[in-house]
Amino acid sequence: MHTRTIAALAILLLLPALAYPKPKWSPEYEKKIGTEAIAEVEKKWKVVTDEAQQKRLDQMVKTLAAASHRPEVQYTIKIVDEKEVNAFSIPGGFVYVTKGLLEDAQSDDELAGVLAHEITHNAYYDALQRAEKNKKLFMGSIATAIGALILGAKGNEISTVLAAGEYIRLGVLSKYSMSVETRADTEAVSCLLATKVYNPVGMLTFMERLAARERRTPKVELGVYADHPDTDKRCQQIIVRLEDNNVDINRRAVTKWEPPLAAEKEVEGKKLATLTLWGVQILATDAGTDGKPAIERVQALAEALRLALANGLQDYEAVADAKADPPRVLLGSKVWLTITPQDAQAAGLSPADLARQIEANLSAALHKENLNRWWQAPPPAPAKPAGEPAKPGAPPPAPTKP
């Protein structure tokens, strides 16, 4: 979630609680506070109607709520017209997501990870706990600071607003503490696993992308945020939680990715079959096998590579065995490509050097994939892919031999 907005919303949703005596936190009390809070929220943001997205979200929160710490809570989820990537929950079972989040999430698994985190905050009464702890510190002028944060003021403008009062010193605007955020992350992983529907790796990939964005954004150094974990640390904690639950951390299963492409092109009057991945040329050859043209051989190689990628192939698993006779390239423990003299001739290299070059090309392509996953938009669908990526969470089809 975006730090400025989360901090603001954490306080906005708490304000109604200050008008009440010490809460008993009955469902009725919680719903009453939430109803008053959403009235304030919807003054700031326009709620939009999207029937297809609404149906998707309703089913998601229903599934997640049933697997949460408080399955009896009935959730209402709404979409707000905001480009910022964000989501937040309000006591009483109210959840908001921005249009920006719906556009940014690359799979249902990523979106479910965000919602599971927010539902966990609600299930543990985190907002009400925070309100009860700080209610004596609130003053009327706090609304000015909240307004600045919600409207997306720049860091220096926020600091100017906050400096007018005692709020930094008192820590009123502190986000959820490290222990609370850690619990929300780890319990969200458990919730996702319990659904048996959503892959919790989606929560990790979403957070990793958020962390990458934060690295290129100047930080607003406010002392009240000192106890809040940065996103990199949260990613590390999520990985530990996934590993503790023996979850296969296959990021391609929950994100959009570009499959390898086989194509023909003419080079110096010679027709070559090429294999590319993320714009990196892996192989160019005119050598076919078993009487079949080179393009069919390369298409089979592309399909075998696609299946290996869908199953979570890492860059270190693409290895050249240059000492073998003939040299070859392995994906994991399986031989993917055996270098022929004709392959080497087309590349202008020795067979051993070509095997090493292909290993380096694969490594470069997979490194580029990581950069694109974290820093850029997902790739557009290619016009003629060698094969479509496996549906997130679904097993890949039977392999095709090269």
Among the residues of the range 351-388, how many are open to solvent by less than 40 Å² (accessible area, probe 1.4 Å) and modelled with pLDDT of 80 or more? 10
Which members of the range 199-219 meet the condition of being under 17 Å from C235 (Cβ atoms) and in a loop (DSSP other than H, G, I, E, B)? N199, P200, R216, T217, K219
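Could you please let me know if G348 is at positive phi and surrounded by fewer than 18 Cβ atoms within 10 Å (Cβ to Cβ)?
Yes, satisfied.
Any idea how many residues of the range 24-48 are part of a strand (DSSP E or B) and either open to solvent by 60 Å² or more (accessible area, probe 1.4 Å) or at pLDDT below 80 (or both)? Before you say what the answer is, go through the steps one by one.
If we filter the range 24-48 for residues that are part of a strand (DSSP E or B), which is where we start, we get 47-48.
Then keep just the ones that are either open to solvent by 60 Å² or more (accessible area, probe 1.4 Å) or at pLDDT below 80 (or both); that gives none.
So the answer is 0.
Select from the range 310-329 the residues that are under 15 Å from L366 (Cβ atoms), free of Cβ contacts under 8 Å to residues at least 60 places away in the same chain and crowded, with 16+ Cβ neighbours inside 10 Å and list them in ascending order.
Here is the first cut: in the range 310-329, the ones under 15 Å from L366 (Cβ atoms) are 310-320, 329.
Now restrict to residues that are free of Cβ contacts under 8 Å to residues at least 60 places away in the same chain: 313-320, 329.
Scanning the range 310-329 gives L313, A318, V319, A320, V329.
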Is one or more of the residues making up the range 238-261 in a strand (DSSP E or B) and open to solvent by less than 60 Å² (accessible area, probe 1.4 Å)? yes
Looking only at the range 290-305, which residues are touching a residue at least 40 places away in the same chain (Cβ under 8 Å) and either open to solvent by less than 10 Å² (accessible area, probe 1.4 Å) or polar (S, T, N, Q) (or both)? Q299, L301, A302, L305
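For the range 265-291, which positions are outside any strand (DSSP E or B) and either over 16 Å from I339 (Cα atoms) or among the polar types (S, T, N, Q) (or both)? Show your work before the answer.
Kept after step one, since they are outside any strand (DSSP E or B), are these residues of the range 265-291: 268-269, 278-279, 286-291.
Within the range 265-291, E268, G269, W278, G279, T289, G291 qualify.
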Can you tell me how many residues in the range 56-91 are farther than 19 Å from P27 by Cβ, in a helix (DSSP H, G or I) and of a type outside the set (S, T, N, Q)? 4
So E214 clears everything in (1) modelled with pLDDT under 85; (2) within 19 Å of L305 (Cα to Cα) except one condition, right? Which one? (2)
Residues of the range 245-262 satisfying the condition of being touching a strand residue (DSSP E or B) at 6+ places or on another chain (Cβ under 6 Å) and not hydrophobic (A, V, I, L, M, F, W, C): P260
Filter the range 182-198 for residues that are assigned to a helix (DSSP H, G or I), over 11 Å from I238 (Cβ atoms) and out of contact with any Ser or Thr (no Cβ under 6 Å at 6 or more places or on another chain); the one that is modelled with the lowest pLDDT is R183
Sort out which residues of the range 64-106 are surrounded by fewer than 20 Cβ atoms within 10 Å (Cβ to Cβ), aliphatic (A, V, I, L, M) and under 13 Å from Q54 (Cβ atoms), and write them in order of number. L102
For the range 310-351, give me each residue that is touching a strand residue (DSSP E or B) at 6+ places or on another chain (Cβ under 8 Å) and in a helix (DSSP H, G or I). E317, Q342, D343, A346, A347
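The values are calculated or read from the model by the stated rules, or taken from the named source; none is laboratory data. Computed from a prediction, not measured in an experiment: that's the story for all the values here. Cβ: placed from backbone, ideal geometry, glycine included. Neighbour counts: every protein chain shown. SASA here: full protein model, heavy atoms, side chains in, ligands and nucleic acids out. Shrake-Rupley method; radii C 1.70, N 1.55, O 1.52, S 1.80 Å.
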